[in-house]
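The values are calculated or read from the model by the stated rules, or taken from the named source; none is laboratory data. None of these values were measured; they are calculated from a predicted model. Neighbour counts are summed over all protein chains in view; Cβ atoms, including those assigned to glycine, are modelled from backbone coordinates with ideal geometry. Surface accessibility is based on the protein's heavy atoms, side chains included, excluding ligands, DNA and RNA. Shrake-Rupley method; radii C 1.70, N 1.55, O 1.52, S 1.80 Å.
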Amino acid sequence: MAMSDEVRSNPRYKPREKKSFAESFLPMRGDTPNQIVSKVIVLISIMALIVCGVILGVYFYHIFEAKQNNSKILSKYNEIGSRASGEVPQADLTLDENGEIIRSPLVTMPFAVEMLEINKDYAGYVSIPNCINEAVVQGTDNEYYLNKNIYDQTRQCGTVFADYRNVVNDYADLQSDNIILYGHNQKDGTMFGEMDYYKWDLKYWLKNPFIYFDNKYEQNVYVIIASFVVNDDPKDDNGNVFDYYNYIKFNDTYTYDNFIKELNERTQFYTGIDVNENDKFLTLSTCSYEWDTSRHVIIGRKLRAGETTENIDLSGFEVNPNPKWPAIYYKYNGGAYIPSA
């Protein structure tokens, strides 16, 4: 006789009753305290897994959605907003009989017309080949578009936005001396998520040295002149902060000379590109991950009349042997900043 048959023939043997789902997982009358505690723990664990699953699902859907939105807008831009040859457009200015400037009316570009139908805060389009392709908005503060997409939906990735203090869309000579664009450093590479290469890769910089930024009325090209990591919290640099985000209109407080001095000390690479106080600049700012509240900043100088992406001299690029970092960097990495003589 098999052992199983012997067990079943024993008069004291009682076959185990198959429990229902409710009996297995829900506290029932007659359960011992330990059984109740175990079931509650199991239920909480199941609920936590479901919530986490939903959160992850929404997160990955938003990533997918952002890429789809970006691809759709990029296709539209390539179709109706593509630029020609990298030439910098010049303002059509004439003088009246009294020597006063007569400005030709600003004409909204076709791509901007379509984007303004999507979002009235549309301010431009920024791109670096193989790195950044993003619509830009400008709100009434620097908070709203941190978590709102171009369709005004609440999304973690937000939208690239211009500093609300900037003059972006006006005649070229009336625009801010330095236009600042903010964007999240997305780990999936969208938004400003590919900017990290400009911290250390000279070959990448030389391959992609230009930023293209169209506002609503004109297409502009900037050559990148600086890339650096800076602190946003004074405690990370002995109470000091290079507040690049306040260098919008150069004046007695935020001077052009100090702006250029800070760039030359901090940049990871020297470019050899000359600059002067009559130039216009574009700043891209994003989060960095060297420490909490660090920021990665790229700055470009607008191409001048007669300059193109083909004729500008890029032969002066070289590594900065001693770029200036905030004090917190040296605390964890050693070394020290030694100012140039």
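With an 8 Å Cα cut-off and a minimum separation of 6 or more residues, compute the relative contact order for segment 183-312 in percent.
Rounded, it is 30 percent for segment 183-312.
Just to be sure I understand the model, the point goes 7 Å from the Cα along the line to the Cβ. What's the resulting Ile338 to Tyr254 distance in nm?
Modelled inter-label distance: 3.4 nm.
Just report the Cα centroid separation between segment 192-227 and segment 257-314, whole Å.
A separation of 9 Å, based on Cα centres.
Could you report the accessible area of Arg295 in Å², rounded to 10, computed with a 1.4 Å probe on the protein chains as they sit in the structure?
Arg295 exposes around 60 Å² with every protein chain in place.
Given the options Tyr337, Pro326, Val297, identify the residue whose Cα lies farthest towards the positive end of the charge dipole of segment 294-341 (+1 on Cβ of Lys, Arg; -1 on Cβ of Asp, Glu).
Final value for the positive-end residue is Pro326.
Which of the peptides 312-318, 198-204, 251-257 is most tightly packed, and how do the rest follow, going by the mean number of other Cβ atoms within 10 Å of each residue?
198-204, 312-318, 251-257
Nearest 0.05, what FRET efficiency do Glu143 and Asn311 give at R0 = 35 Å with Cβ-Cβ as r?
It comes to 0.25.
Which of Lys199/Lys235; Lys39/Lys148; Lys76/Lys187; Lys199/Lys280; Lys67/Lys216 have a Cα-Cα distance over 30 Å?
Exceeds cut-off: Lys39/Lys148.
Please say if segment 109-228 is rounded, prolate or oblate, where rounded means a/c under 1.5 for a ≥ b ≥ c the square roots of the C-alpha gyration tensor eigenvalues, and otherwise the choice is prolate for a/b larger than b/c and oblate otherwise?
Oblate, because a/c is 1.5 or more while a/b does not exceed b/c.
What is the ratio of the Cα radius of gyration of segment 207-310 to 2.2 N^0.38 Å, where N is its residue count, to two decimals?
Ratio of Rg to 2.2 N^0.38 Å for segment 207-310: 1.12.
What's the FRET efficiency of Ile41 with Asp233 using the Cβ-Cβ distance as r and R₀ = 51 Å, to the nearest 0.05?
Here the calculated transfer efficiency is 0.80.
By per-residue mean of other Cβ atoms within 10 Å, what is the highest-first order of 165-176, 226-237?
Ranked from most to least packed, the peptides come out as 226-237, 165-176.
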